[in-house]
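The values are calculated or read from the model by the stated rules, or taken from the named source; none is laboratory data. Keep in mind that what you see is a predicted model, and the values were worked out from it rather than measured. Please note: Cβ atoms are built from the backbone with ideal geometry, for glycine as well, and neighbour counts cover all protein chains shown.
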Amino acid sequence: MLHLVRTTSDHPDFRALVQLLDHDLAVRDGADHAFYAQFNKIDAIRHAVVAYLHDEPVGCGAFKPYAEKQVEIKRMYVQPAHRGQGVASAVLAALETWATELGYYGCVLETGLKQPEAIRLYEKSGYQRTPNYGQYIGIENSVCMEKAL
């Protein structure tokens with residue numbers, strides 16, 4: 001049974017999963033990885049979720065404040081052996097619920113064209129594509145999305 005834990009970026013299981021995510025992204029993004037990596041630091045993230053199956057950490061995600069009433073979804077990852085089992089959807093829903101509890105009204109996020117499974121997850125979860133924001137403006141590989149909560 002899937003068990004979700006709210007935590008921070010200091011949690012060792014969250015940090016271990018993010019290391020796996022960064023390795024995966026380095027392979028997918030190739031030469032572009034250094035550009036994206038500078039925006040994915042996890043120091044001082046106060047809102048992270050770790051998903052466990054049978055006490056094994058299998059997925060994670062986080063959010064940080066973005067605008068006055070919006071959060072930015074960050075560091076979404078599920079270990080390959082556990083993909084397609086609803087883990088990412090559960091983590092994303094938990095992050096959205098937590099953000100709502102804290103008074104936020106919407107989410108934004110950035111993913112990449114080289115992550116089609118992430119794009120499908122977000123579209124299935126009600127996110128819509130938007131013009132690229134902030135540091136992603138003009139970046140052809142970036143796909144920015146948002147959702148009202």
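A few comments on the model shown:
- Among the residues examined, E68 qualifies as over 21 Å from D22 (Cα atoms), surrounded by fewer than 21 Cβ atoms within 10 Å (Cβ to Cβ) and more than 14 Å from the chain's Cα centre (by Cα).
- Test set (1) out of contact with any Pro (no Cβ under 9 Å at 6 or more places or on another chain); (2) in a strand (DSSP E or B); (3) at negative phi; (4) surrounded by 15 or more Cβ atoms within 10 Å (Cβ to Cβ) - R75 fails condition number: (3)
- Considering the range 35-57, the residues that are in a loop (DSSP other than H, G, I, E, B) and of a type in the set (V, I, T) include one that is modelled with the lowest pLDDT, namely I42.
- Close pairs from the range 57-85: first farther than 11 Å from I45 by Cβ, partner among the acidic types (D, E), Cβ under 8 Å, at least 6 apart: P57/D13; Y66/E72; Q70/E146; Y77/D24; R83/E117
- Qualifying residue in the range 130-146 (condition: farther than 18 Å from A48 by Cα, of a type in the set (D, E, K, R), part of a loop (DSSP other than H, G, I, E, B) and free of Cβ contacts under 8 Å to residues at least 40 places away in the same chain): yes
- One residue stands out among those in the range 115-149 that are at positive phi and at pLDDT below 95: the one that is farthest from the chain's Cα centre (by Cα), which is G138.
- Of residues in the range 102-118 being out of contact with any His (no Cβ under 9 Å at 6 or more places or on another chain) and in a loop (DSSP other than H, G, I, E, B), the one farthest from E146 (Cα to Cα): K114
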